[in-house]
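A.B. asks: I'd like to ask you about the structure that follows.
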Amino acid sequence: MFTLHCTAKLRDRLKRPLSEAPRPPSTALGDWYATALFWKPQLALLVNERTLLPVLMPLAPAATLAERVAAAVAQVLQLHGIGQDFIEREIAAMADVEIAKTSNRSVVGTMNEFAFEAEVYRDHRGMTDLLQLAMRLAETPCGAIKYESPARLLREVAAGQSH
């Protein structure tokens with residue numbers, strides 16, 4: 001179980017009831033934050049609250065976005081070389097999702113910075129592959145995690161959860 005904390009512009013697209021009191025996550029990575037990027041085609045940018053790991057995925061169909069998050073996260077975790085056992089446990093725990101408003105301004109700030117950087121990579125470097133963009137963004141040092149990169153912090157979290 002996890003909560004997908006969505007910006008207002010994304011919540012307007014999802015048309016799903018909001019959880020007023022989200023439950024604690026049962027996933028190792030914790031909750032995720034998401035916003036809409038009004039590119040052509042439109043995208044959802046997700047950022048993990050614990051590691052700031054970015055994931056980009058198609059927004060459409062918006063009604064099924066919450067159910068598609070786990071598969072998109074699994075793809076990115078595989079590209080980062082995370083062990084299959086960790087990925088399977090994480091995805092199984094992501095089967096139950098609640099939608100809520102954003103509550104962590106630091107994560108929202110990082111998400112906004114990633115949105116800007118992704119646009120620069122797309123417009124000036126011609127990067128259009130969503131997985132390639134997510135991998136590039138994951139190498140960005142982030143002040144919210146003491147200038148570590150999300151990719152490095154993800155590896156630390158996954159290593160600590162391995163059995």
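The values are calculated or read from the model by the stated rules, or taken from the named source; none is laboratory data. Keep in mind that what you see is a predicted model, and the values were worked out from it rather than measured. Neighbour counts are summed over all protein chains in view; Cβ atoms, including those assigned to glycine, are modelled from backbone coordinates with ideal geometry.
A.B. asks: Taking Ala44 and the conditions (1) in a helix (DSSP H, G or I); (2) crowded, with 21+ Cβ neighbours inside 10 Å; (3) not hydroxyl-bearing (Ser, Thr, Tyr), which numbered condition does it fall short on, given that it satisfies the others?
C.D. replies: All conditions are met except number (1).
A.B. asks: Still on this structure, I have one more. Inspect all residues belonging to region 74-85 and state whether any of them is of a type in the set (Val, Ile, Thr), crowded, with 18+ Cβ neighbours inside 10 Å and in a helix (DSSP H, G or I).
C.D. replies: The first filter runs over region 74-85 and keeps only residues of a type in the set (Val, Ile, Thr), leaving 76, 82.
Checking the rest, the ones that are also crowded, with 18+ Cβ neighbours inside 10 Å come to 76, 82.
The next check asks that each one be in a helix (DSSP H, G or I); those that pass are 76.
Yes, region 74-85 has at least one match.
A.B. asks: A further question follows. Looking at region 106-158, which of its residues are under 15 Å from the mean Cα position of the chain (by Cα) and of a type in the set (Lys, Arg)?
C.D. replies: Within region 106-158, just Arg136 meets the criteria.
A.B. asks: If we keep just the residues of region 59-70 that are touching a residue at least 12 places away in the same chain (Cβ under 8 Å), assigned to a helix (DSSP H, G or I) and more than 9 Å from the chain's Cα centre (by Cα), which is nearest to Thr140 (Cα to Cα)?
C.D. replies: Within region 59-70, the first condition is being touching a residue at least 12 places away in the same chain (Cβ under 8 Å), and the residues that meet it are 59-60, 62-63, 65-67, 69-70.
If we keep only those that are assigned to a helix (DSSP H, G or I) too, we end up with 62-63, 65-67, 69-70.
Retained after the next criterion (residues that are more than 9 Å from the chain's Cα centre (by Cα)): 62-63, 65-67, 70.
Details: Ala62: 28, Ala63: 31, Leu65: 25, Ala66: 26, Glu67: 27, Ala70: 23 Å.
Only one residue tops the list, namely Ala70.
Rundown of residues vs (1) of a type in the set (D, E, K, R); (2) farther than 22 Å from Leu137 by Cβ; (3) touching a Gly at 6+ places or on another chain (Cβ under 8 Å), yes/no style:
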site: Leu18; (1), (2), (3): no, yes, no
site: Asp31; (1), (2), (3): yes, no, no
site: Ala34; (1), (2), (3): no, no, no
site: Phe38; (1), (2), (3): no, no, no
site: Gln42; (1), (2), (3): no, no, no
site: Val47; (1), (2), (3): no, no, no
site: Met57; (1), (2), (3): no, no, no
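A.B. asks: A further question follows. Can you find even one residue in region 111-132 that is touching a Gly at 6+ places or on another chain (Cβ under 8 Å), buried (at least 20 other Cβ atoms within 10 Å of the Cβ) and not aliphatic (A, V, I, L, M)? Full working, then the answer.
C.D. replies: Initial filter on region 111-132 (touching a Gly at 6+ places or on another chain (Cβ under 8 Å)): none.
There is no residue in region 111-132 that is touching a Gly at 6+ places or on another chain (Cβ under 8 Å), buried (at least 20 other Cβ atoms within 10 Å of the Cβ) and not aliphatic (A, V, I, L, M).
A.B. asks: Of the residues Ala36, Ala118, Ala28, Ala74, only one is among the aliphatic types (A, V, I, L, M), within 15 Å of His5 (Cα to Cα) and touching a helix residue (DSSP H, G or I) at 6+ places or on another chain (Cβ under 7 Å); which?
C.D. replies: On the way: Ala118 fails: within 15 Å of His5 (Cα to Cα); Ala28 fails: within 15 Å of His5 (Cα to Cα); Ala74 fails: within 15 Å of His5 (Cα to Cα).
Every option except Ala36 fails the conditions.
A.B. asks: Ok, one more. Taking region 80-105, which residues are within 14 Å of the chain's Cα centre (by Cα) and acidic (Asp, Glu)?
C.D. replies: Glu90 - this is the single residue of region 80-105 that is within 14 Å of the chain's Cα centre (by Cα) and acidic (Asp, Glu).
A.B. asks: Ok, one more. What number of residues within region 10-41 are in contact with a strand residue (DSSP E or B) (Cβ under 8 Å, 6 or more places away or on another chain), farther than 22 Å from Leu133 by Cα and assigned to a helix (DSSP H, G or I)?
C.D. replies: 3
A.B. asks: Looking at region 17-33, which of the residues that are touching a residue at least 60 places away in the same chain (Cβ under 8 Å) and under 12 Å from the mean Cα position of the chain (by Cα) is surrounded by the fewest Cβ atoms within 10 Å (Cβ to Cβ)?
C.D. replies: Within region 17-33, the match that is surrounded by the fewest Cβ atoms within 10 Å (Cβ to Cβ) is Leu29.
A.B. asks: Just the residues that are at pLDDT below 95 and crowded, with 20+ Cβ neighbours inside 10 Å, please, taken from region 52-65.
C.D. replies: Within region 52-65, none qualify.
A.B. asks: Of all the residues that make up region 47-58, how many are in contact with a helix residue (DSSP H, G or I) (Cβ under 7 Å, 6 or more places away or on another chain) and in a strand (DSSP E or B)? First the steps, then the outcome.
C.D. replies: Let us first name the residues in region 47-58 that are in contact with a helix residue (DSSP H, G or I) (Cβ under 7 Å, 6 or more places away or on another chain), namely 47, 49-57.
Next, only the ones that are in a strand (DSSP E or B) stay: 47, 54-57.
Final tally of qualifying residues: 5.
A.B. asks: I need the full set of residues from region 86-106 which are surrounded by fewer than 17 Cβ atoms within 10 Å (Cβ to Cβ) and among the hydroxyl-bearing types (Ser, Thr, Tyr), in order please.
C.D. replies: Across region 86-106, the qualifying residues are Ser103, Ser106.
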